[in-house]
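Notes to accompany the following structure.
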Amino acid sequence: MTPEPPPRKNTRLSLFRNWISLAGMVVGIGALFSFLLLLVLDAIAKVSNPYVSILTYIVVPAFLALSIVLGFIGAWRESRRRAHGSEKTSLQIDLNRPRDRRGVVAFIAGSVVFLLVSAIGSYHAFNFTESVTFCGETCHKVMKPENVTHDHGPHARVACVECHVGKGVSWFVKSKISGSYQLYAVAFNKYPRPIPTPITSLRPARDTCEECHWPQKFSGNLDRTFTYFQSDASNSPYSIRLSIKIGGADPSRGPVGGIHWHMVVGNQVEYIATDAARQKIPWVRITDPQGVVTVYREPKFTNDISRYEIRKMDCMDCHNRPSHRYVSPDRAVNLAMELNQIDRTIPWIKTNAVFALTCKYDTDDQARDGIATALAERYPNDPRIRDVIPVVQQIYRDNFFPEMKANWSVYPDNLGHMIWPGCFRCHDGRHKTEDKKLTIKANDCNSCHTILAQGVGGEMEKLMPAGQKFNHPGGDLDDNPTCNDCHNGGR
Ligand code: HEC
Ligand code: HEC
Ligand code: HEC
Ligand code: HEC
Ligand code: HEC
Ligand code: HEC
């Protein structure tokens, strides 16, 4: 009798030697490859973007996990097979056999194609998530107001992510979490209309705005002329030319002072807002570079500030609409009349155009028809109105978004003080120190800007560099006027 051959030591041969585990390995290499590629792409990209990190840190690792699972499934099946006494491993390649040779060639070719496809795929996915199309148009309906206003604003060429995400890992993660929530909210129609602001998770301005706008740099004045048409029969024009004292914040680059004084590097301005929209600010604290603290407070505001959040003032407290400006009907019609897009000789046209814009509409189509009807009805015998209607309709399309309930009246603009409290949230003459000796400056109309000229025609040619007293077309004003009590942008 020939002796039994000694039993083959199956355990020596790796359990991972099987087709399933091998396939897992290829998927794994593909995923690793994509991961590295995305990492490099993201590192050399100008700004990082939450959706890329969803790819890099969620989708790709999911494939990596899949490859490991495949590997173990293969190994587990293999060990079961062996336990059932199967002698051979399932994967035995003999390159002398034509069938095996073909198999190996096919496998290698398949793997190469897979790697290529996953690399190209990740590259394209990367480019797509970077694009404005992805941010704005993927959620087209939801983001339409922000998209349209962004396109018309001074930052039209600045990508959404540059302000909303910025650089760095921790904001990656944060925006990834809120990004995932947003995807959910849109998918299940759970998003609020209008989208509420301030965005509490918005990244501090120093990491976004200051990437492009160097706070040390501001200096000097900005010369701007505002032109209005009043709500009377002859749409009387009125202009005011202001030299706005933007000022500077860096003593080595120019005099420190003016409006950007709040941003002086060594200075700290902090405040408490008692409402979510940050429109009511009863408490302000300044810490100067020497550490001297001054607190200004409204008369009735509490001494116990412990239950309030103290916010450090930054760019966004004034420039909260750098990109999405929903122009008020009043202002938009003024501009169209100034540019002669709307014929200013049509009686009451200012009032009627603003009226047509402020009627209530539920959809874009309803607004288009409603504006046409409202204006046509008021001027049944004036053919000039035909040229006005499309201009007013365009103003509506650019600034009103009924489906998202977004327009000038729901988003405060903090930059001035005409139709929102803006600067007058603090500069209203009611914020005083405990001993009442100091008040935040308010009633001097020539402190933040100089009124160089005002009026019509020749009056606009007489410039007064020292500034002049405001000549209010709407009659005498009291000492600390609250402009937005009467001016709401929609009269
Ligand atoms: C120049 C910087 C900047 C750019 C570029 C920018 N945003 Fe904004 N965005 C802001 C600021 C600032 C706010 C207001 C935040 C606040 O009030 O808390 C805002 C607000 C929003 C809001 C809240 C609703 C609203 O209308 O205020 C959405 C949604 C939004 N942005 C989406 C976008 C999209 C989409 C893009 C690209 C098409 C974009 N943003 C580009 C700075 C920017
Ligand atoms: C990627 C660069 C970039 C970022 C980030 C950026 N801006 Fe700008 N900003 C610009 C450019 C470019 C202009 C246009 C300059 C011009 O027209 O002369 C501009 C213009 C402005 C203006 C003048 C607007 C006007 O009406 O003329 C203001 C104010 C401003 N930015 C504020 C901000 C604020 C606030 C942020 C942060 C939320 C911000 N910017 C983020 C590049 C940027
Ligand atoms: C106290 C409110 C306030 C703060 C805080 C503030 N700004 Fe301004 N800024 C203004 C005003 C007001 C103007 C001039 C008005 C205008 O643009 O029409 C202005 C003008 C600008 C301009 C346009 C300058 C020009 O020459 O056209 C830029 C850019 C700017 N600010 C960026 C910033 C940045 C960045 C920060 C944060 C570091 C900041 N601002 C903080 C109120 C502020
Ligand atoms: C959160 C409160 C707050 C807001 C909002 C605010 N300021 Fe001020 N501002 C102060 C305080 C406090 C001072 C220092 C007290 C003073 O000089 O009256 C000050 C000082 C100033 C100064 C004098 C700087 C100097 O040269 O000494 C100017 C100019 C100014 N602010 C303009 C503005 C403008 C314009 C806006 C709106 C775009 C604005 N501020 C919004 C709190 C605020
Ligand atoms: C705390 C600083 C500050 C004080 C005080 C101040 N203004 Fe202004 N004012 C501004 C800023 C900032 C703007 C916005 C400039 C812009 O939009 O570019 C502005 C804009 C205006 C405008 C143009 C309004 C518009 O948006 O159409 C008028 C008019 C005006 N101011 C009049 C006055 C009068 C009158 C007073 C005195 C009662 C006064 N201001 C006091 C800061 C101030
Ligand atoms: C008591 C209400 C009231 C207050 C407060 C008020 N205004 Fe007026 N304002 C009017 C009226 C009414 C008119 C005339 C409206 C018309 O014919 O269009 C007017 C007209 C104007 C005009 C001419 C352009 C236009 O829109 O008709 C300007 C500019 C103006 N006001 C600026 C201001 C500023 C800046 C402040 C704050 C310093 C202010 N107003 C405060 C009631 C007010």
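The values are calculated or read from the model by the stated rules, or taken from the named source; none is laboratory data. Note that the coordinates shown come from a computational prediction; the quantities given were computed from them, not determined experimentally. Ideal geometry is used to build each Cβ from the backbone, glycine not excepted, and the neighbour counts take in all protein chains shown. In case anyone asks, the SASA skips ligands and DNA or RNA and just uses the protein heavy atoms, side chains included. Shrake-Rupley method; radii C 1.70, N 1.55, O 1.52, S 1.80 Å.
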Gyration tensor verdict on the chain (Cα atoms; rounded if a/c is under 1.5, prolate if a/b is larger than b/c, oblate otherwise): prolate
Cross-link pairs beyond the 29 Å C-alpha cut-off, checked among LYS217/LYS437; LYS300/LYS441; LYS141/LYS217; LYS437/LYS469; LYS312/LYS436; LYS245/LYS462: LYS217/LYS437; LYS141/LYS217
Protein accessible area in the range 329-404, 1.4 Å probe - carbon and sulfur %: 51 percent
Cα gyration tensor, the range 332-491 - rounded (a/c under 1.5), prolate or oblate: oblate
Normalised contact order of the chain, rounded percent, pairs of Cα under 8 Å and 6 or more residues apart: 14 percent
Of the DSSP H helices in the chain, those whose Cα atoms cover at least 20 Å axially and whose Kyte score averages 0.5 or more: 19-44, 60-83, 98-130
Sorted peptide list for 424-430, 159-165, criterion being average Cβ within 10 angstrom, highest first: 159-165, 424-430
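Where in the range 307-406 are there GluC sites (Glu not before Pro) that are in a DSSP coil and have at most 14 other Cβ atoms within 10 angstrom of their Cβ? Intermediate values should be presented prior to the final figure.
Details: sites: GLU309, GLU338, GLU377, GLU403; in loops: GLU309.
When the GluC sites (Glu not before Pro) of the range 307-406 are filtered for loop state and at most 14 Cβ neighbours within 10 Å, GLU309 remain.
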Prolate/oblate/rounded label for the range 329-404 (Cα gyration tensor, a/c 1.5): oblate
Selection from PRO402, MET316, THR433, by position along the positive dipole direction of the range 283-437 (Cβ): THR433
Distance between the range 439-483 and the range 247-307 - C-alpha centres, whole angstrom: 25 Å
Between the range 145-167 and the range 376-396, the alpha-carbon center distance in angstrom: 32 Å
Within the chain, helix-based [θ] at 222 nm, where runs of 4 or more DSSP H residues each add -39,500 (n - 2.57), nearest 500: -12000 deg cm²/dmol
Those trypsin sites (Lys or Arg not before Pro) in the range 335-368 that DSSP places in a loop and that have at most 14 other beta carbons within 10 Å: LYS360
